[in-house]
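**Student:** Handing you a structure now.
The values are calculated or read from the model by the stated rules, or taken from the named source; none is laboratory data. As the structure is a computational prediction, the values presented were derived from the model and not from experiment. We place every Cβ from the backbone using ideal geometry, glycine too, and count neighbours over all the protein chains shown.
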């Protein structure tokens, strides 16, 4: 008898909630039989979103000792308990806060390796498994050894796609890159969050002697899966906005390139959106009006008026914007489908093409 393809999501926060909804809406087109999800804490203010996710087709589960508390608050009745949901899942996606994914790996996931195709965690879980970003290092994935995958952060997606787009030689190999320097201007928090907003820009520390911040470190390790040893460094500053992360890049090349070729590479790349806008609010607004539930699923949005080539064609500078969790969501779905349909996952991902914009 054919085994059902079940995807289980742990966590209902800024990544978990849209992921549950997106997979529930698209499960028929993606070939997924069932979407289940786990919520840890029964909160009255979360009841509406959880019940809505259930009404969209997702199956709710919780810990056994919390079942009565959820039902008392008016949540729809849980379909499964925690271990039952993990045990039956084909793929488990962990969307919990930083550090909890590693705890869950030791507490739960290691025990279910025998009957689960794969486990996926998000960008904050460094070391959870092989780093992955769709369209950047797909060929590094190996079903024989990669049962655990870490989808890198939204900003690491941005760095990775810039490096591959500009640093590649005529054969597509990333050998023309001399070094990459980045300044990340990070939004204070997500529009769904009340905590952590700041009243003024707040500079980040260079906590890594080699890479500066974890953004360059993560991009380095992401591209190391392809065999590259890159010279990267990043700085970060958090600014008092909820719109989008912004990124200034300075990429130095071994061989010269023209501005026209740089623009052409950006325009032709299927996972890069270009724009003549320079305002995060206008780009964010475009996503709100045209994206999937407001989300742009492209890896990065490059502002063409800011792009310049200097130093006799060997230095490319400019600004781009990170589509928040959109790029991470698509990579998470890509990894999920890679586990479920290793020979056809790229074809199945075509349903998301309308939200992978070429121009904004």
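**Student:** Hey, residue 252 hits all of (1) over 24 Å from residue 308 (Cα atoms); (2) touching a strand residue (DSSP E or B) at 6+ places or on another chain (Cβ under 7 Å); (3) surrounded by 15 or more Cβ atoms within 10 Å (Cβ to Cβ) but one; which does it fall short on?
**Tutor:** Condition not satisfied by residue 252: (1).
**Student:** From the list 64, 77, 59, exactly one residue is at pLDDT below 95, farther than 25 Å from residue 129 by Cα and in contact with a strand residue (DSSP E or B) (Cβ under 6 Å, 6 or more places away or on another chain). Which is it? Before you say what the answer is, go through the steps one by one.
**Tutor:** Details: 77 fails: in contact with a strand residue (DSSP E or B) (Cβ under 6 Å, 6 or more places away or on another chain); 59 fails: at pLDDT below 95.
Just a single option satisfies the conditions, and that option is 64.
**Student:** Could I ask something else about it? Spot the failing condition for residue 110; the list is (1) in contact with a helix residue (DSSP H, G or I) (Cβ under 7 Å, 6 or more places away or on another chain); (2) surrounded by fewer than 19 Cβ atoms within 10 Å (Cβ to Cβ); (3) assigned to a helix (DSSP H, G or I), and only one is missed.
**Tutor:** So the condition that residue 110 fails would be (1).
**Student:** Here's another thing I want to ask about it. All but one of (1) within 28 Å of residue 251 (Cβ to Cβ); (2) surrounded by 20 or more Cβ atoms within 10 Å (Cβ to Cβ); (3) free of Cβ contacts under 8 Å to residues at least 60 places away in the same chain hold for residue 345, so report the exception by its number.
**Tutor:** (1)
**Student:** Which residues, counting only those in region 278-321, are over 20 Å from residue 159 (Cα atoms) and surrounded by 18 or more Cβ atoms within 10 Å (Cβ to Cβ)?
**Tutor:** Of everything in region 278-321, those that are over 20 Å from residue 159 (Cα atoms) and surrounded by 18 or more Cβ atoms within 10 Å (Cβ to Cβ) turn out to be 286, 287, 291, 292.
**Student:** Still on this structure, I have one more. What is the residue count in region 242-260 for residues that are farther than 18 Å from residue 284 by Cα and within 28 Å of the chain's Cα centre (by Cα)? Give the derivation first.
**Tutor:** The first filter runs over region 242-260 and keeps only residues farther than 18 Å from residue 284 by Cα, leaving 249-260.
Next, from what is left, pick out any that are within 28 Å of the chain's Cα centre (by Cα): 249-253.
So the answer is 5.
**Student:** Does residue 4 satisfy the criteria of being surrounded by 15 or more Cβ atoms within 10 Å (Cβ to Cβ), touching a strand residue (DSSP E or B) at 6+ places or on another chain (Cβ under 7 Å) and over 30 Å from residue 189 (Cα atoms)? Don't jump to the end; show me each part of the working.
**Tutor:** Details: surrounded by 15 or more Cβ atoms within 10 Å (Cβ to Cβ): no; touching a strand residue (DSSP E or B) at 6+ places or on another chain (Cβ under 7 Å): yes; over 30 Å from residue 189 (Cα atoms): yes.
Against the criterion (surrounded by 15 or more Cβ atoms within 10 Å (Cβ to Cβ), touching a strand residue (DSSP E or B) at 6+ places or on another chain (Cβ under 7 Å) and over 30 Å from residue 189 (Cα atoms)), residue 4 does not qualify.
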